[in-house]
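Peer 1: My questions all concern the structure below.
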């Protein structure tokens, strides 16, 4: 029998995504120089993460960054 690849479940970040979007923060993948990167647009200020990711890692990376931004916004208050 062939081995099955383990599927990781993504964390549910719908409420966190809504929270950061209402405050003007956007998280999205960018294809730049033949590599994928994650970029954060914080009310017009762009920040691109230096680590390149594969196409298979995009969803997990975006979810983790949404959680990161949510924690940063809620701890600053």
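Peer 1: For segment 6-30, give me the residue count where each residue is touching a strand residue (DSSP E or B) at 6+ places or on another chain (Cβ under 8 Å) and either more than 17 Å from residue 70 (Cβ to Cβ) or assigned to a loop (DSSP other than H, G, I, E, B) (or both).
Peer 2: Of the residues in segment 6-30, 3 are touching a strand residue (DSSP E or B) at 6+ places or on another chain (Cβ under 8 Å) and either more than 17 Å from residue 70 (Cβ to Cβ) or assigned to a loop (DSSP other than H, G, I, E, B) (or both).
Peer 1: Does residue 58 meet the test of being touching a residue at least 24 places away in the same chain (Cβ under 8 Å) and either outside any strand (DSSP E or B) or over 11 Å from the mean Cα position of the chain (by Cα) (or both)?
Peer 2: yes
Peer 1: Quick one: would you say residue 3 is more than 15 Å from the chain's Cα centre (by Cα) and surrounded by 10 or more Cβ atoms within 10 Å (Cβ to Cβ)? Give the derivation first.
Peer 2: Working: more than 15 Å from the chain's Cα centre (by Cα): yes; surrounded by 10 or more Cβ atoms within 10 Å (Cβ to Cβ): no.
Spelling it out, it is not the case that residue 3 is more than 15 Å from the chain's Cα centre (by Cα) and surrounded by 10 or more Cβ atoms within 10 Å (Cβ to Cβ).
Peer 1: Just the residues that are outside any loop (DSSP other than H, G, I, E, B) and either in contact with a strand residue (DSSP E or B) (Cβ under 6 Å, 6 or more places away or on another chain) or surrounded by 10 or more Cβ atoms within 10 Å (Cβ to Cβ) (or both), please, taken from segment 32-51.
Peer 2: Step one: filter segment 32-51 for residues outside any loop (DSSP other than H, G, I, E, B), giving 32, 35-42, 45-48.
32, 35, 36, 37, 38, 39, 40, 41, 42, 46, 47, 48, listed by residue number.
Quick note: the coordinates plus some simple rules give every number you see, no bench work behind them. All values reported here derive from a predicted model rather than from experimental measurement. Cβ coordinates were reconstructed from backbone atoms using ideal geometry, including for glycine residues, and neighbour counts include every protein chain displayed.
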